[in-house]
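Before any comments, here is the structure.
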Amino acid sequence: MLAPSLKDRILEALDEMVTAHTTAASCAVEIRSVVSRIAGNGNDATIPHVNTSTFSVEWDGKVCVFKDSLPFRLMETLCRRPGQVFSFDQLLRYVWSAHSKSPDTIRSTVRHLKRKLEKAEMKALAQAVKARGHGYCLSLQ
């Protein structure tokens, strides 16, 4: 059984998603994010909050607005499962819908993402976007 505070926070997040008329995929991302933040030692600042209705990322009391852009979709994908390495092929499929792009396209978008986060005073979050083998992950440890 969930603790009342956890249950209340999950229900509050679900209410926000319903009012924002988000897609099922966005709801799944948000639910995972909320549960991860709450379950992760109670420290909400560790996992970024991805807001698909405003194309923004909230983290450590700061907000970075991306608009509808590839860097936002890349960040949204990495935030789905912090710590998991997403291969170049997976990122091309999730972010670019498998259009014929190269790993250089991903690297360029990662650089843009990191610059955007740094401008929003989220340098530590930008540094948490790491290359791992033939892919990238969000490493928040």
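One residue is enough: does segment 35-44 have a residue meeting the conditions within 18 Å of Leu138 (Cβ to Cβ), surrounded by 14 or more Cβ atoms within 10 Å (Cβ to Cβ), modelled with pLDDT of 85 or more and out of contact with any Gly (no Cβ under 8 Å at 6 or more places or on another chain)? Scanning segment 35-44, I find no residue that is within 18 Å of Leu138 (Cβ to Cβ), surrounded by 14 or more Cβ atoms within 10 Å (Cβ to Cβ), modelled with pLDDT of 85 or more and out of contact with any Gly (no Cβ under 8 Å at 6 or more places or on another chain), so the answer is no.
If you check Leu74, Leu92 for being modelled with pLDDT of 90 or more and crowded, with 19+ Cβ neighbours inside 10 Å, only one passes: Leu74. Check whether at least one residue in segment 97-105 is under 16 Å from the mean Cα position of the chain (by Cα) and either closer than 12 Å to Trp59 by Cβ or not aromatic (Phe, Trp, Tyr) (or both), and report yes or no. No, there is no match, as no residue in segment 97-105 is under 16 Å from the mean Cα position of the chain (by Cα) and either closer than 12 Å to Trp59 by Cβ or not aromatic (Phe, Trp, Tyr) (or both). Count of segment 70-84 residues, restricted to those that are closer than 17 Å to Arg111 by Cα and in a loop (DSSP other than H, G, I, E, B), is 0. I'm checking my understanding of the structure. Among residues of segment 105-141 that are assigned to a helix (DSSP H, G or I) and among the β-branched types (Val, Ile, Thr), which one is modelled with the lowest pLDDT? Looking at the filtered set, the residue picked out is Thr105. Please enumerate the residues belonging to segment 67-83 that are within 12 Å of the chain's Cα centre (by Cα) and of a type outside the set (Lys, Arg). Listed by number, the residues that qualify are Pro71, Phe72, Leu74, Met75, Glu76, Thr77, Leu78, Cys79, Pro82, Gly83.
Considering only segment 7-19, I want to know if a residue exists there that is within 19 Å of Ala124 (Cα to Cα), modelled with pLDDT of 65 or more and not in a loop (DSSP other than H, G, I, E, B). There is no residue in segment 7-19 that is within 19 Å of Ala124 (Cα to Cα), modelled with pLDDT of 65 or more and not in a loop (DSSP other than H, G, I, E, B).
Just one residue in the set Lys101, Lys67 is part of a loop (DSSP other than H, G, I, E, B) and more than 18 Å from Val50 (Cβ to Cβ); that residue is Lys101.
The values are calculated or read from the model by the stated rules, or taken from the named source; none is laboratory data. Computed from a predicted model, the values in this text were never measured in an experiment. Using ideal geometry, Cβ is built from the backbone for each residue, glycine included, and neighbour counts are taken over all protein chains shown.
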